[in-house]
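The values are calculated or read from the model by the stated rules, or taken from the named source; none is laboratory data. All figures in this text were calculated on a predicted structure; none of them were measured in a lab. Here Cβ is always computed from backbone atoms with ideal geometry, including for glycine, and neighbour counts include all displayed protein chains. For accessibility, only protein heavy atoms count, side chains too; no ligands or nucleic acids. Shrake-Rupley method; radii C 1.70, N 1.55, O 1.52, S 1.80 Å.
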Amino acid sequence: ATAQPLASQVALDVLQSGGSAVDAAIAANAALGLMEPTGNGIGGDLFAIVWDPKTEKLHGYNGSGRSPMGRDLDTLKANIAEMKAEGRLDPDFDGIPSHGSLAVTVPGTVDGWFALHDRWGKLPIQQVLAPAADYAEQGFPLSPVIASGFAANLRRFEKVAPMVEELDNAMATYFPGGKAPDAGEIFKNPDLARTLRTLAREGRDGFYKGSIARQMAAYFDSIGADLSAEDLAGHSGEWVEPRGVEYHGATLWELPPNGQGFAALMMLNILKQTDLRGYDRGSSEVFHLMVESKRLAFEAMAQTFADPEFADIPLDTLLSETFAEAQFKRLAMDTVITPEALAIPLEGEGDTTYLTVADRDGMMVSLIQSNYRGMGSGLVPTGLGFMLQDRGELFSLDSKHPNVYAPNKRPFHTIIPAFATR
């Protein structure tokens, strides 16, 4: 299952050719980076949970990238002040710019693909990436929802253009002639086709140390960005242990921070303090309890979640029954928790893309991949056909916060895969 029928068909074709669920997931993800660049692509990060029927275990992968090694917090603040002085940023703006190089972190997706493929791939990576490369070269008909996403992103880029060091590459790749492609139009991305074929030929190192890395580093240099060849070469994702919370006989599994998955587990723990089956399905009481539980879980998350290599996160406490009981006592059925009653402001609405694959051997993949704000930072490295993520916007500038910006650090992450077992 994916957000685009052609990407789902690519995954099915890979399965029918003898590929594993992991092969199919990578193939679908590569296709989505072409077909739904409004939500994801190889300039972004990846998280996955895989059920391996041989070990009968869930395995998690955190494929998120880090901030530049050569930029510290003071330098970042000075860069932001300079943008304000130049009129590229509103003087009252508080935070990290949403677009442009200050928000870019190392893309972790390709590393994630190869880590998963090395462990569970059955087909050669050339065969797995070929369908997406072929579609990028020959074109595909743009679907309506994604076409509307293109138009929305164009409007956004026009609005934030002063933040972005250069937009010509993005315009040439995604908005030729200065307009968004329409639904049904045949969309091509020959640069991305070449990039995918280079990956198939050179492997993971092609992206982080080889020809693609050199092109990215040259681009960073040309626009004065802080990311470097050393940042790319130093990247590595991480195998992590999923944790679960049991709820009425089912267990929900999520990955640990720097992602926000454990907030879903905190929500379930709070909801376990009552019995939703006592209310009608879809009733106002059920929605009230779910929304209030989410506010409290997100409040705790927003104060504590960060890169665990830089912060001591009290995960056992946050996932404990004692904490859930205390949170539940803050709820009332006749009032709502106002923003003023929360210890920290919460982020607004958002969306992303997601895919899942199961194969005949019982292997299952839950995979999520994103560039963050829509298409990402606005920066497309010359000749490569993908946009760099702006995930670094989610760092804090508060030196006392666990998620404060630091060199070579992973930001707090919103995208989460999930898994349910019974």
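Would you pick out the residues in the stretch 78-120 that are charged (D, E, K, R) and more than 26 Å from GLY374 (Cβ to Cβ)? Selection gives ASP118, ARG119. Taking the stretch 327-422 as the region of interest, the strands (runs of 3 or more DSSP E) fully inside it that hold 2 or more residues being over 30 Å from MET171 (Cα atoms) and open to solvent by 20 Å² or more (accessible area, probe 1.4 Å) are 353-358, 419-421. Residue check: is ALA3 farther than 21 Å from ALA306 by Cβ and at pLDDT 95 or above? When the stated conditions are applied, ALA3 does not pass them.
Quick grid of which residues meet (1) open to solvent by 70 Å² or more (accessible area, probe 1.4 Å); (2) of a type outside the set (D, E, K, R):
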| position | (1), (2) |
| --- | --- |
| PRO256 | no, yes |
| THR274 | no, yes |
| ARG281 | yes, no |
| SER293 | no, yes |
| GLU299 | no, no |
| GLN303 | yes, yes |
| PRO308 | no, yes |
| ASP316 | yes, no |
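Let me confirm something: among ALA263, ALA180, which residue is at pLDDT 95 or above and closer than 30 Å to GLU321 by Cβ?
Testing whether each residue is at pLDDT 95 or above and closer than 30 Å to GLU321 by Cβ leaves just ALA263.
Okay, residues lined up against (1) modelled with pLDDT under 95; (2) small (Gly, Ala, Ser); (3) closer than 19 Å to ALA225 by Cβ:
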position: TYR61; (1), (2), (3): no, no, no
position: ASP72; (1), (2), (3): no, no, yes
position: ALA78; (1), (2), (3): no, yes, yes
position: ALA81; (1), (2), (3): no, yes, yes
position: PHE93; (1), (2), (3): yes, no, no
position: HIS99; (1), (2), (3): no, no, yes
position: ALA103; (1), (2), (3): no, yes, yes
position: PRO107; (1), (2), (3): no, no, yes
position: ALA115; (1), (2), (3): no, yes, no
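Looking across the stretch 137-151, the residues that are within 13 Å of GLU36 (Cα to Cα) and either among the acidic types (Asp, Glu) or out of contact with any strand residue (DSSP E or B) (no Cβ under 8 Å at 6 or more places or on another chain) (or both) come down to SER143, PRO144, VAL145, ILE146, ALA147, SER148, GLY149, PHE150, ALA151. Only residues that are polar (S, T, N, Q) and not in a loop (DSSP other than H, G, I, E, B) were counted across the stretch 91-105, and they come to 1.
In the set ASP74, ASP90, ASP118, ASP168, only one residue is surrounded by fewer than 14 Cβ atoms within 10 Å (Cβ to Cβ), free of Cβ contacts under 8 Å to residues at least 12 places away in the same chain and within 30 Å of SER17 (Cβ to Cβ); that residue is ASP118.
Of ILE26, ILE49, all but one fail to be touching a residue at least 24 places away in the same chain (Cβ under 8 Å), more than 27 Å from GLU158 (Cβ to Cβ) and in contact with a strand residue (DSSP E or B) (Cβ under 8 Å, 6 or more places away or on another chain); the exception is ILE49. Kindly establish whether VAL240 is among the β-branched types (Val, Ile, Thr), touching a residue at least 40 places away in the same chain (Cβ under 8 Å) and either surrounded by 15 or more Cβ atoms within 10 Å (Cβ to Cβ) or closer than 19 Å to ALA103 by Cα (or both). Criteria met by VAL240.
Residues satisfying the criterion are absent from the stretch 13-31 (criterion: open to solvent by 10 Å² or more (accessible area, probe 1.4 Å) and closer than 17 Å to ASP351 by Cα). Residue by residue through the stretch 26-80, note down the ones that are acidic (Asp, Glu) and over 20 Å from the mean Cα position of the chain (by Cα). ASP52, GLU56, ASP72, ASP74, listed by residue number. You will find that of PHE298, PHE305, the residue that is under 17 Å from ALA326 (Cα atoms) and among the aromatic types (Phe, Trp, Tyr) is PHE298 and no other. Report whether or not GLU299 is assigned to a helix (DSSP H, G or I) and more than 30 Å from the chain's Cα centre (by Cα). The answer is no for GLU299. Consider the stretch 173-184 and keep the residues that are touching a residue at least 40 places away in the same chain (Cβ under 8 Å) and surrounded by 14 or more Cβ atoms within 10 Å (Cβ to Cβ). The one that is nearest to PRO381 (Cα to Cα) is THR173. For the stretch 332-358, filtering for residues that are modelled with pLDDT under 85 and either more than 28 Å from SER370 (Cβ to Cβ) or not small (Gly, Ala, Ser) (or both) leaves 7.
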